[in-house]
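Input: a single structure, listed below in structure tokens.
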Amino acid sequence: MGVRPKLILASQSPRRSLLLSRIGIIPDLISPADINEDIIEGELPRDYVSRLACEKATKIAGNFPNHIVLAADTSVSVGRRILPKAETISDAEYCLQLISGRSHRVFTCIAIVKTNGDLSKRVVETRLKMKRLSEVELKDYIHSNEWQGKAGGYSIQGSAESFVTKIVGSYSNVVGLPLYETRNMLRGSGYIL
């Protein structure tokens, strides 16, 4: 039996590390990729997350040959519109007002560079519907600060879960890393679980 290749997680997201630990995967190293995350005009949500995850994985793989590199990118969309990662109160209000009472989708692309340099990727989609938020609910959620740094202005693993009336697909995808697909892709890449 050969030596298990080392796994590099190309993400600074504590949620992704926590999700991986739930299935017994602890990366050997965490090395976030610093890339330009601006949306290209006309870019669709699925293409956007795919491009970013692949850029992150290949950038870090260049620094760690003969390792397995796992990267991911998550985006929330309403129709063709990609919602921002909420950094300000106005970002969060914009996102929450847009998805209040409506359906939206969460896309995550998993990108893995194998030890031989081959890249594989998979985009996972989860559809959700959020209740119509009252002014008080919106104000209270903004005050909670749970939205900070979150795609689409909310964190499903926090109090916003009580606003979700329907979810179709992977819950862990909405948190930031679809575990079923990630586990299978890592296994297929030669990572021994």
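Read-outs throughout are calculated quantities, based only on the coordinates presented, and are distinct from any laboratory measurement. Because the structure is a prediction, the values reported are computed rather than measured. We place every Cβ from the backbone using ideal geometry, glycine too, and count neighbours over all the protein chains shown.
Here the chain carries DSSP beta bridges of which approximately 85% are antiparallel, counting only pairs with both residues inside.
3J(HN,Hα) along segment 87-101, derived from phi through the Karplus expression 6.51 cos²θ - 1.76 cosθ + 1.60 where θ = phi - 60°, amounts to 10, 10, 4, 5, 4, 5, 4, 4, 4, 5, 5, 6, 8, 4, x Hz, with x in place of Gly and Pro.
Cross-link pairs exceeding 21 Å in C-alpha to C-alpha distance, out of Lys59/Lys150; Lys59/Lys121; Lys85/Lys129, comprise Lys59/Lys150. Spin-label pair Arg183-Arg81: with each label point 7 Å from Cα along the Cα-Cβ axis, the two points sit 3.7 nm from one another.
For an R0 of 25 angstrom, estimate the FRET efficiency from the Cβ-Cβ distance between Arg4 and Asn63 and round to the nearest 0.05.
Calculated value: 0.80.
Our compactness index for segment 1-104, the C-alpha radius of gyration over the empirical 2.2 N^0.38 Å, is 1.27.
With everything on Cα atoms, drop me the angle between helix 179-188 and the longest principal axis of the chain, reported from 0 to 90° to the nearest 10. The helix 179-188 is inclined about 20 degrees to the chain. Under the simplified labelling scheme, the Glu41-Ile23 pair shows an inter-label distance of 3.9 nm, with each label point 7 Å from Cα along Cα→Cβ. Scaling the Cα radius of gyration of the chain by the globular reference 2.2 N^0.38 Å produces a ratio of 1.05.
Backbone amide hydrogens, once placed in the peptide plane, bring Leu83 within less than 5 Å of Val76, Ser77, Val78, excluding anything fewer than 5 places away on its chain.
Taken along the Cα-to-beta-carbon direction at a fixed 7 Å, the label points for Val136 and Leu193 span 4.4 nm. Placing +1 on each Lys and Arg Cβ and -1 on each Asp and Glu Cβ, with no other charges, gives the chain a dipole about its Cα centre of roughly 760 debye.
FRET efficiency for the Leu119 to Tyr171 pair, using the beta carbon distance and R₀ = 30 Å, is estimated at 0.65.
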